[in-house]
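Peer 1: Take a look at this one; I'll ask things after.
The values are calculated or read from the model by the stated rules, or taken from the named source; none is laboratory data. Note that the structure is a prediction, hence the values are computed from the model and not measured. Please note: Cβ atoms are built from the backbone with ideal geometry, for glycine as well, and neighbour counts cover all protein chains shown. Side chains included, ligands, DNA and RNA excluded: accessible areas come from the protein's heavy atoms. Shrake-Rupley method; radii C 1.70, N 1.55, O 1.52, S 1.80 Å.
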Number of protein chains: 2
Amino acid sequence: MIIRPEMLAKIHITFKNGVLDPQGKAVHHALKDLGYDEVSGIQMGKYLEVRMEGVSREEAEPRVKEMCEKLFANTVIESYRFTLDS
Amino acid sequence: MIIRPEMLAKIHITFKNGVLDPQGKAVHHALKDLGYDEVSGIQMGKYLEVRMEGVSREEAEPRVKEMCEKLFANTVIESYRFTLDS
C-alpha cells in the first residue's frame, strides 16, 4: 500500500503597505453610500486553497513558497503568507 | 474622553461546493504546466479586511454579516465566513 499524504495550503495575498488599492477604495466608497459609516478602512486581497498529494509538510513548504512567488503574488506590490494543514 | 473601540473583520469568500471555478481551473492548469504535478486541486477566493471604529463586537457582528450579503458575496454561488478581532 502506498501512503499518499495530503496537504492543504491556505494562502493569503494582500497588497503591501503603501500600495494603492483601487478596488478596496471603491468598496469602501460603496459601503459609505450604503450607510456603513463605522468602516474606516478596507483591504482587498486574494485567498487560495491549494490541495497537494503525495508530499510531506517539509516538501510542500518550499513548493508553495515557489508557487506564490512565480504565479500567485506580484511580489513587487503584494505580500503572501500561508499555512499548511495535513 | 470618548472611547472608540476598533474592530477588524477578516472575511473569506469562497465558491460553494459544486460551483464551477474557472479561475481556479486556469491556475491549476498553469501550475501543471510549471511542473507542480503534486497539486490536485485549487480553490480561488477573496479575502477582505474591514476596519471599523466606534463599534463593539456585538454591534459589529450583524453589520459585517449584512455587508457580506449585500456587497461582498454573491450568496447564490459564494459562501462567506468571518472573524472579528479587537
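Peer 1: List the residue from chain B whose beta-carbon is nearest to the axis that rotates chain B onto chain A, together with that distance in whole Å.
Peer 2: B:Y47, 2
Peer 1: Considering every residue in B:50-57, what mean count of other chain Cβ atoms within 10 Å of its Cβ is obtained?
Peer 2: Mean shielding by partner chains, rounded to a whole number: 4.
Peer 1: Report the accessible surface area buried between chains B and A, summing both sides, using a 1.4 Å probe on protein heavy atoms only, in Å² rounded to the nearest 100.
Peer 2: For chain B against chain A, roughly 2800 Å² becomes buried.
Peer 1: So, one more: Which whole number gives the average count of other chain Cβ atoms within 10 Å of the Cβ atoms across peptide A:73-86?
Peer 2: Across the residues of A:73-86, the mean count of other-chain Cβ atoms within 10 Å is 0.
Peer 1: How large is the accessible surface per residue of chain A, computed with a 1.4 Å probe and reported in Å² as a whole number?
Peer 2: I get 58 Å² per residue for chain A.
Peer 1: Follow-up question, since we're still on this one. So which trypsin sites (Lys or Arg not before Pro) in chain A end up in coil per DSSP with only 13 or fewer other C-beta atoms within 10 Å?
Peer 2: Those satisfying the criteria are A:K16.
Peer 1: Copy-to-copy spacing for B:E6, label 7 Å out on the Cα-to-C-beta vector, in nm, shortest first?
Peer 2: Taking the point 7 Å beyond Cα along Cα→Cβ, the inter-copy spacings are 4.0 nm.
Peer 1: Carbon-plus-sulfur fraction of the accessible area of the protein assembly as shown, 1.4 Å probe, in percent?
Peer 2: So the carbon and sulfur contribution to the accessible surface is 53 percent.
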